[in-house]
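Scroll down for the structure; my scribbles are underneath it.
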Amino acid sequence: QAHAKVWHLYNDHFRPTQKGKVSIALSSHWIKPQHMTEKNIKECQKSLDFVLGWFAKPIFIDGDYPESMRSNLSSLLPQFSEAEKKYIKGTADFFALSFGATLSFQLLDSHMKFQQLESISLRQLLYWINAEYNNPQIFIVENSWFVSGSTKRDDAKYIYYLKKFIMETLKAIRYDGVNVFGYTVWSLLDGFEWHRGYSIRRGLFYVDFQSHDKKLMPKSSVLFYQKLIEKNGFPPLPENQPIEGIFPCGFAWGIVDNYIQVDTTPTQFLDSNVYVWDVHQTKKLIKVDGVFTSQRKHHCVDFAAIRLQISLLQEMHVTHFHFSLKWSLILPLGNLSLINHTLVHYYQCFASELLRVNITPVVALWQPMAENQELPVSLAKYGAWENPDTIQAFVEYAKFCFTSLGEHVKFWITMNEPSVKNLTYTAGHNLLKAHAKAWHLYDKEFRRSQKGKISIALQADWVEPACPFSRNDQEVADRILEFDIGWLAEPIFGNGDYPQVMRAWLRRRNSVDLYNFHLPSFSEDEKKLIQGSFDFFALSHYTTTLVGWEKEDAVKYDHYLEVQMINDITWLHSPSRAAVVPWGLRKLLKWVKSKYGDVPIYVLANGIDDDQNVVHDKLRVYYIQNYINEALKAYTLDNVNLKGYFVYSFNDKTAPKYGLYSYVANQYEAKPSMKHYREIIDNNGFPGPETPDLLCPEEVASCPECHFFRTRKSLLAFISFIFVAFIVTMCFITYYSKRVERRYK
């Protein structure tokens, strides 16, 4: 009633001359149902009625309290007379909303939630106000969130909350038709936060409460908000706009399956037993004891599982297929004393069948998996990569694979995605030496005859400073890139030794802490062995991470590297919370080029999980479309020597939630993302009306059947000589026979 009287006072006596407007500022939360039931939805409505509707409904609707309050509170809630209702109704020129400033998490009375879930969705609240109160003009008079009281000036978390709220406001205006005409950040500077005291901060300006003069210092959020105001929102950045264009001739379009489906069940045609069909009684085949037929050789067509996988790959139109061998199954004892010849023959058949349909096999010798790191048990038991003996065991295994499969495989990966998160420095040291020795083995003994190429594949997610204006955050991002990628990349593609950043950081930590992080040293001979042991740079890339130096969240803080992991809550995320950040791939490719020169680069795995219950995997379609377009920008605009791109993964059977084929009830079915990827492959990119035609030389179709003759040229020459000699002899015989016949006539 006091508000209504003041409004009428202004309306009657001051508005005609001052031409202003007046309202009441109401604070609210947002609530969502714990379960999507009618009862829970009504409880959510009740929660908003009790907090916001208590004041909003009398002013904006009918002058009286919400019905849910009346039915729950009965005589406790005062009654308005009809005159009072008319007097209160309409006493607001706009809807002034406060969100997040006072009714933050843990500040709303738990009884007001009515056992539902509190949420920070400003867009949904704006939509509800618009629908509930007849499309009022809305002015957001207070909006913010809070960060830890220990956060100083690089308040990245605050920035991303601010970004989320303003972005949601813009979406409410553009997509939902909500009439929002103003936005205000809370607050200007850090202050005393009531019962939370100084344990949290909300200000755009930092205040050191321990100092004498309490000087105000602008935070990173000030710069963010300033630039946002200058741009009046989030205009599209030119560098993030899709481009038109195509990739070069011979570009490798691939798909990944970490481990192919291996089914070595023998075909019925290999059974040498003789059976009699009991057509009268049991209707079954009865084996005749002691009677056998001659047994024929094994052929690749005996493996039925191969044909299905090859047909699915053909349907996709890929040119390359990447998979890993199982070291632990090929050599169960870790040496050549026991060989799984059946599995090796299966791999040989799979590779040869790929070549038959013009798909290039890309084969990794080893890929770490959870159980024993996919090492033979004997090696895993005695230290795995910590044990130097594993180096020589890997080299022997590599030699066996080159010998057994090199006839069909021309594209080798020594180690695929060794996880630096799970590697000790000693293990990484031995792994690098094993890779280098395997590379030199191939280079010296197999390259000339097999004419293949070989390298290592590293996982390389991009790392971005959380505060783009912070030098400290940039230093942290650079450090993480060196520890995550440079650790294994620098010795091979750089100077033969570990990154200087790593050595300097570990020296510093060892000197000030109780830690003892020992990064081994290479001898000069080992540096020469490892440096340059590559034919290309293969990387796997899935997402981008934000990092900062300010400690904000203890759960996501890495004390070892002194880095805070930050989440941009405005980014698109997968069900597993992997961020979809296409421009991160382009930045990564540019970084690799700037550090290691114009090396040929293959993006050997790039993919995202999606909800298996969703028929149309729109997230993956979006992901593939935009990540490939960023790869095209790296190739065309940044002159990155990009040679190929592979999607992860082939199917849901071997990589649940990641596949381009679903697998249900023993049936494979192509998802929309597979068809979209196939279309990109067929177009070799994203051609536009002005894209010039690319005339690629016709590739000679591979002919695995011709390999027998290509490798036996001397034998062919001898057979040709015999054949020609035979023809000439027959001609002479025929000629002289006819002369003799004419003479006798």
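The values are calculated or read from the model by the stated rules, or taken from the named source; none is laboratory data. No experiment lies behind these values; they were computed from the predicted model shown. With ideal geometry, Cβ positions are generated from the backbone for all residues, glycine too; neighbour counts draw on all protein chains shown. Protein only, heavy atoms only, side chains kept; ligands, DNA and RNA dropped before computing areas. Shrake-Rupley method; radii C 1.70, N 1.55, O 1.52, S 1.80 Å.
Looking only at segment 123-162, count how many residues are among the aliphatic types (A, V, I, L, M), closer than 12 Å to Lys219 by Cβ and either touching a Lys or Arg at 6+ places or on another chain (Cβ under 6 Å) or not in a helix (DSSP H, G or I) (or both). Summing the residues that are among the aliphatic types (A, V, I, L, M), closer than 12 Å to Lys219 by Cβ and either touching a Lys or Arg at 6+ places or on another chain (Cβ under 6 Å) or not in a helix (DSSP H, G or I) (or both) in segment 123-162 gives 1.
Scan segment 210-250 for residues that are open to solvent by less than 40 Å² (accessible area, probe 1.4 Å), farther than 19 Å from Thr570 by Cα and out of contact with any helix residue (DSSP H, G or I) (no Cβ under 8 Å at 6 or more places or on another chain) and the total you get is 1. Where helices (runs of 4 or more DSSP H) fall wholly inside segment 1-96, the ranges with 1 or more residues that are under 22 Å from Asn135 (Cβ atoms) and touching a Gly at 6+ places or on another chain (Cβ under 6 Å) are 82-88.
Filter segment 326-360 down to the residues that are closer than 30 Å to Asn684 by Cβ and touching a Cys at 6+ places or on another chain (Cβ under 7 Å), then identify the one that is surrounded by the fewest Cβ atoms within 10 Å (Cβ to Cβ). Per the stated criteria, the residue is Ser352.
So which residues in segment 532-559 are in a loop (DSSP other than H, G, I, E, B) and open to solvent by 10 Å² or more (accessible area, probe 1.4 Å), if there are any at all? Quick ask: steps written out before the conclusion?
First, the residues of segment 532-559 that are in a loop (DSSP other than H, G, I, E, B): 532-536, 541-543, 549-553, 559.
Selection gives Gly532, Phe534, Asp535, Tyr542, Thr543, Trp549, Glu550, Lys551, Glu552, Asp553, His559.
Selection of first residues in segment 122-151 that are under 17 Å from Ala92 (Cα atoms) and among the hydroxyl-bearing types (Ser, Thr, Tyr) and of second residues that are modelled with pLDDT of 95 or more and assigned to a strand (DSSP E or B), restricted to Cβ pairs under 8 Å at least 6 apart or on distinct chains, gives the following pairs, ordered by first then second residue: Tyr133/Phe95. Checking each residue in segment 204-258 for being under 30 Å from Pro689 (Cβ atoms), small (Gly, Ala, Ser) and assigned to a loop (DSSP other than H, G, I, E, B) picks out only Gly250. Mind listing just one residue for me: the one in segment 613-628 that is buried (at least 23 other Cβ atoms within 10 Å of the Cβ) and not aliphatic (A, V, I, L, M) and, of those, modelled with the lowest pLDDT? Per the criteria, the residue is Asp617.
Anything in segment 60-70 that is open to solvent by less than 10 Å² (accessible area, probe 1.4 Å) and at pLDDT 95 or above? List them, or say none. Before you say what the answer is, go through the steps one by one.
Of segment 60-70, the ones open to solvent by less than 10 Å² (accessible area, probe 1.4 Å) are 63, 66, 69.
Answer for segment 60-70, where residues must be open to solvent by less than 10 Å² (accessible area, probe 1.4 Å) and at pLDDT 95 or above: Gly63, Pro66.
Taking the residues in segment 370-387 that are over 20 Å from Leu338 (Cα atoms) and free of Cβ contacts under 8 Å to residues at least 12 places away in the same chain as candidates, determine which candidate is surrounded by the most Cβ atoms within 10 Å (Cβ to Cβ). That would be Gly383. Among residues of segment 441-456 that are part of a helix (DSSP H, G or I), those with a Cβ under 8 angstrom from a residue that is of a type in the set (Asp, Glu), sequence gap 6+ or separate chain, pair up as Gln450/Glu407.
Residue-by-condition table, conditions (1) of a type in the set (A, V, I, L, M, F, W, C); (2) at pLDDT below 95; (3) open to solvent by 20 Å² or more (accessible area, probe 1.4 Å):
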| site | (1), (2), (3) |
| --- | --- |
| Lys164 | no, no, yes |
| Met167 | yes, no, yes |
| Leu170 | yes, no, yes |
| Tyr175 | no, no, yes |
| Gly182 | no, no, no |
| Ser187 | no, yes, no |
| Glu193 | no, yes, yes |
| Arg196 | no, yes, yes |
| Ser199 | no, yes, yes |
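Just to be sure, is Glu562 open to solvent by 40 Å² or more (accessible area, probe 1.4 Å), touching a Lys or Arg at 6+ places or on another chain (Cβ under 9 Å), at pLDDT below 95 and closer than 20 Å to Gly486 by Cβ? Criteria met by Glu562. The set of residues from segment 601-635 being in a loop (DSSP other than H, G, I, E, B), over 12 Å from the mean Cα position of the chain (by Cα) and of a type outside the set (D, E, K, R) comprises Gln612, Asn613, Val614, Val615, His616. Of all residues in segment 410-429, at least one satisfies being touching an Asp or Glu at 6+ places or on another chain (Cβ under 9 Å) and among the charged types (D, E, K, R). In segment 629-650, of all residues being open to solvent by 40 Å² or more (accessible area, probe 1.4 Å) and hydroxyl-bearing (Ser, Thr, Tyr), the one that is farthest from Asp598 (Cα to Cα) corresponds to Thr636. Anything in segment 377-387 that is modelled with pLDDT under 95, in a loop (DSSP other than H, G, I, E, B) and of a type outside the set (Gly, Ala, Ser)? List them, or say none. Answer for segment 377-387, where residues must be modelled with pLDDT under 95, in a loop (DSSP other than H, G, I, E, B) and of a type outside the set (Gly, Ala, Ser): just Tyr382. Considered as a group, the residues in segment 388-424 that are outside any helix (DSSP H, G or I) and farther than 16 Å from Gly452 by Cα include one that is most open to solvent (accessible area, probe 1.4 Å), and that residue is Pro388. Looking at Gln34, Gln1, Gln18, Gln79, just one residue is in contact (Cβ under 8 Å) with a residue 40 or more places away in the chain and loosely packed, with under 14 Cβ neighbours inside 10 Å, and that residue is Gln1.
Among Lys653, Lys675, Lys657, which is the only one that is among the basic types (Lys, Arg) and modelled with pLDDT of 95 or more? Quick ask: steps written out before the conclusion?
Numbers: Lys653 fails: modelled with pLDDT of 95 or more; Lys657 fails: modelled with pLDDT of 95 or more.
Only one candidate passes the filter, namely Lys675.
Scanning segment 22-31 turns up at least one residue that is within 13 Å of Phe114 (Cβ to Cβ) and either of a type outside the set (Phe, Trp, Tyr) or open to solvent by 20 Å² or more (accessible area, probe 1.4 Å) (or both). Could you go through segment 490-502 and let me know if any residue there is touching a residue at least 24 places away in the same chain (Cβ under 8 Å), within 20 Å of Tyr557 (Cβ to Cβ) and in a helix (DSSP H, G or I). No: segment 490-502 contains no residue that is touching a residue at least 24 places away in the same chain (Cβ under 8 Å), within 20 Å of Tyr557 (Cβ to Cβ) and in a helix (DSSP H, G or I). Is it the case that Ala434 is of a type in the set (A, V, I, L, M, F, W, C), open to solvent by less than 30 Å² (accessible area, probe 1.4 Å), assigned to a helix (DSSP H, G or I) and farther than 18 Å from Ser324 by Cβ? Considered against the rule, which asks whether it is of a type in the set (A, V, I, L, M, F, W, C), open to solvent by less than 30 Å² (accessible area, probe 1.4 Å), assigned to a helix (DSSP H, G or I) and farther than 18 Å from Ser324 by Cβ, Ala434 comes out as no.
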